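The values are calculated or read from the model by the stated rules, or taken from the named source; none is laboratory data. Quick caveat, the model's predicted, so the values are computed rather than measured. All Cβ positions, even for glycine, are placed from backbone atoms using ideal geometry, and neighbour counts span all protein chains on display.
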Amino acid sequence: MSRKKETINDIIIDIISVLLPLYGFWLLYLWFLSKSRFWEGLFIGLVVIVSIFLIMLYFKKAAKTKVNNLIKEIDGSSFKQDINDFINRYGKERGKYIWKYMDYGFDYNKMKIFIKTLKEKGLNVKDESTFREILKYYIDAKEEALIKGGFESKQYKFSSLSGEEFEVLLIKLFESKGYAVQHSGGKGDQGGDLILNNNGQRILVQAKRYKDGSSIGNDAVQQAAAAKKHYDCNRVIVIGTSNYTPEAVQLAKSNDVQLIWKKELQELLQTFLKENWD
């Protein structure tokens, strides 16, 4: 069960849900007691209900305006990349303490930490409710771009590639992002397929081209984590054409291995190579 932090409108709705049945019983009592008092009570109740409704509309409009203003600020700054990185890296959480939207899931504690980080960097995100609306906006944008790209560009299939061809595709992708790429894959590659070099950073990439319906398990994460020291790298990334098992996700967290899922890979290929892959 996911936890939802209450907004002012949520609190008002909770209060109404408690008071409305009591109000109904009170009106019933007045009906039998005095018809004139019944109509008076009904009129007062309707005035209160309409007033509450208008208050809720005001707070909803104010909250939407606040979110829209924040999104404008984000779009013109580095915060946009920060938020997209957060979605890509932490948007596949599963469990009880999770906020869900579409097929994304975010841990509430990580959301709190990220909100605090954004505030420290100068973005005034006041509460979780506002942050959730921001996440919805950027998730919608990502989904729209994927769907739109699927209609506008030629379709390619990951399943048509061999393992080596998939590595070559990733070389093209990362070179388009400005990395100097060393292709270390092949027989006896010690768990590292690509080495990305940029601004003094060495990033190990483990490439996994899996069949549709197959999940990437612990082995890929274990190989990548073990290869980090062998190749003298700062970071490790596993990139797959499928989803990861829950066990692989947990192992990646404990070994500081970044996982790039199929959907994020599709977005990167569409953004930097203008190619639509499935």
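Points worth noting:
- For region 171-193, the count of residues that are under 19 Å from LEU259 (Cβ atoms) and either assigned to a strand (DSSP E or B) or not assigned by TED's automatic domain parsing to the domain that holds GLU264 (or both) is zero.
- Index of the failed condition, ASN124 passing every other in (1) of a type outside the set (Phe, Trp, Tyr); (2) crowded, with 16+ Cβ neighbours inside 10 Å; (3) over 20 Å from THR241 (Cα atoms); (4) modelled with pLDDT under 90: (2)
- Region 1-110 holds helices (runs of 4 or more DSSP H) entirely within its bounds, and those carrying 3 or more residues that are acidic (Asp, Glu) map to 35-75.
- Any hit, region 258-269, residues being more than 19 Å from SER162 (Cα to Cα), in contact with a helix residue (DSSP H, G or I) (Cβ under 7 Å, 6 or more places away or on another chain) and assigned to a loop (DSSP other than H, G, I, E, B): no
- Hits in region 30-81 - residues which are of a type in the set (A, V, I, L, M, F, W, C) and touching a residue at least 60 places away in the same chain (Cβ under 8 Å): ALA63, VAL67, LEU70, ILE71, ILE74
- Selection status of TRP39, at pLDDT 90 or above and in contact with a strand residue (DSSP E or B) (Cβ under 6 Å, 6 or more places away or on another chain): no
- Consider region 86-118 and keep the residues that are charged (D, E, K, R) and surrounded by 13 or more Cβ atoms within 10 Å (Cβ to Cβ). The one that is farthest from the chain's Cα centre (by Cα) is LYS112.
- Conditions (1) over 21 Å from TYR179 (Cα atoms); (2) more than 23 Å from the chain's Cα centre (by Cα); (3) of a type in the set (A, V, I, L, M, F, W, C); number of the one not met by ILE195: (1)
- Where a residue in region 162-179 is exposed (fewer than 15 other Cβ atoms within 10 Å of the Cβ) and its partner, wherever it lies, is of a type in the set (Gly, Ala, Ser) and in a loop (DSSP other than H, G, I, E, B), with Cβ under 9 Å and at least six apart: GLY163/GLY185; GLU164/GLY185; GLU164/GLY186
- Every residue from region 209-241 that is surrounded by fewer than 17 Cβ atoms within 10 Å (Cβ to Cβ) and in a loop (DSSP other than H, G, I, E, B): LYS211, ASP212, GLY213, SER214, SER215, GLY217, ASP232, ASN234
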